[in-house]
Amino acid sequence: MKKQLTLQERAQKFSLKNAVGYALQDGTNTLGALLVSYVTFYATDSLYLSAVSIGMVLAFSRVFDGITDLLAGALIDRTRTRWGKARPFVLVGFLYWVSVVAIFSTPERFSDIGKLIWIFVTYNLCNAVFNTLIGVSKGVLLKRTTVSDSARIKTLTMTSLLVSLAAIVIAVVLPLLIAKNNTPGGWRMLAIGFAVIGCISTAITFFCCVEFTEDELVELGLEKAGQGKETKLSFRDYGRSIIKNKYMVIYVAQYAVAMLAMGLFNGAGTYYYSTNLGDLTLMSAVSMVSFLSYPLYPIYPKIIAKIGPINFTRATFLIGAIGFAARAMVGNNLVLLCVSSFFAGFLLTGINLVGQEITIQCMDYSYLKNGIRAEGIYMALTGFTYKAAMGVSSAIMGFLLGIANYDGAQSVQPTSAHIMINLMFNIIPAVVGVLMFFTFKSIRVGEENQKLRAALQAEEE
């Protein structure tokens, strides 16, 4: 007969069911985000819109998108249902995938202005509304389904592995599909295929991820009695909580820089292989070297437990920076391109793996230091930062391609375009990695939380 676990045992035990559900949601939504990140290439090389015009449209969209993050955070903090606080928002995934299909179904008969308006509307529904609700709620979902720090690290490791696998599959398959079917119809069918997978994963996540109840959180000592029912925090309360949280302010600044670099090299990747190296299919071959990093994932939790999430993240920034710098100089030598790309892949491994854990620790710091329990708004702030950085990177990429005289309708690009693409894809990420290595050490929120908890326990005794 199966043993019935006590509440304390259940809280400390790693739940494979919850981890699978959470990883599936994050993994498939990352697939959607990766596909949507190709919207500039889709617009310039399939719809033949100018790089500057689509860059400006996406930049304006990101501004609106960032505002809705803060509204979503407040909404989630006020949500109380029989399913929990964050779990109901998993179901928004179905609407998200409908909007992804809509983006890549831009009517060909429309004028250039009509196409830009269509992309603006569908892109905002996808990112500013549906993906925002999912993205802001997922950190709260993790916090309320997995309350043990060690179990969260294991869940995040599994999630990072799945996301990496998904990203590699896309990096291998998508360039091949684009090279052969870079047409509006081809993009539409690709989006539909992704949507089917995404909707199935949404349903699985909803049934797998079950939150601890408010009463259980109180019994575990994670909340005070009645605190979970507080729904009247104002935006002034939220602002005071964040401003007084020095570690959240520092982390958000660091995160913004990292995401800016990510936006540039993700967006410039297709251009780099098709224009600079002259072979888009080469991107698929190079992307496969990422499989070599998979054996490292099972030992990441042990490394993090030994050196801490901050030092782990700093190390990955430095390794990645070396890889990007090397790749800028190897040209189309396949062996050297694969080796340098392997190390470049570490740039964001740390922040992707433990970023949510750092945000959760910042939530706890706010509660321990100032007595304000805010969850959704903290995840909203990181979501706002991510989207703002992506918007800025999209605008920068479109602007830089424009001034470098890139023209998707031309088969041969000028030297200025080659130099600019290499700058965005390799040089800027390398510089950012070195910068982050030296500055990320200032985030000592975990150590500070231990001191605050010890002080509180001493007062109670």
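Miscellaneous remarks
- Rounded to the nearest 20 debye, dipole of region 314-461 from Cβ charges on Lys, Arg, Asp, Glu: 340 debye
- Net charge dipole size for region 81-205 [Lys, Arg +1 and Asp, Glu -1 on Cβ; Debye, nearest 20]: 460 debye
- On a per residue basis, the convex hull of the C-alpha atoms belonging to region 286-415 measures out at 159 Å³.
- Low-density loop positions, trypsin sites (Lys or Arg not before Pro), region 260-328 - DSSP coil, at most 10 other Cβ in 10 Å: none
- Percentage relative contact order, the chain, counting C-alpha pairs under 8 Å, at least six apart: 27 percent
- Over 26 Å (Cα to Cα) - which of K13/K246; K138/K180; K115/K387; K246/K302 fall in this group: K13/K246; K138/K180; K246/K302
- Gain on full stretching of the segment that runs from L220 to A455 - 0.36 nm per residue minus C-alpha separation: 82.7 nm
- Taking 0.36 nm per residue of separation and subtracting the Cα-Cα distance, full extension of the segment from I197 to K306 would add 35.5 nm.
- Inter-site label distance for R109 and A256 at 7 Å from Cα along Cβ, in nm: 4.5 nm
- Rounded to 0.05, the FRET efficiency of the K246 and R80 pair, given R0 = 25 Å and the Cβ-Cβ distance, is 0.20.
- Separation of the S293 and F207 label points, Cα + 7 Å toward Cβ, nm: 3.3 nm
- Placing R0 at 25 angstrom, the Cβ-Cβ distance between K441 and L165 gives a FRET efficiency of 0.25 after rounding to 0.05.
- In a reduced charge model with +1 at each Lys and Arg Cβ and -1 at each Asp and Glu Cβ, the chain shows a dipole moment near 620 debye about its Cα centre.
- Cα lying deepest toward the dipole's positive end in the chain, options I303, T415, S274, charges on Cβ: I303
- Cα lying deepest toward the dipole's positive end in the chain, options Y386, S111, A455, charges on Cβ: A455
- Gyration tensor (alpha-carbon) shape descriptor, region 84-181, a/c threshold 1.5: oblate
- Counting 0.36 nm for each residue step from Q12 to S416 and taking away their Cα separation leaves a gain of 139.8 nm.
Read-outs: derived from the displayed coordinates by stated rules, not from any lab. In this text the structure is predicted, and so the values were computed from the model without any measurement. Quick reminder, even Gly has a Cβ in these numbers, built from the backbone with ideal geometry, and neighbours come from all protein chains shown.
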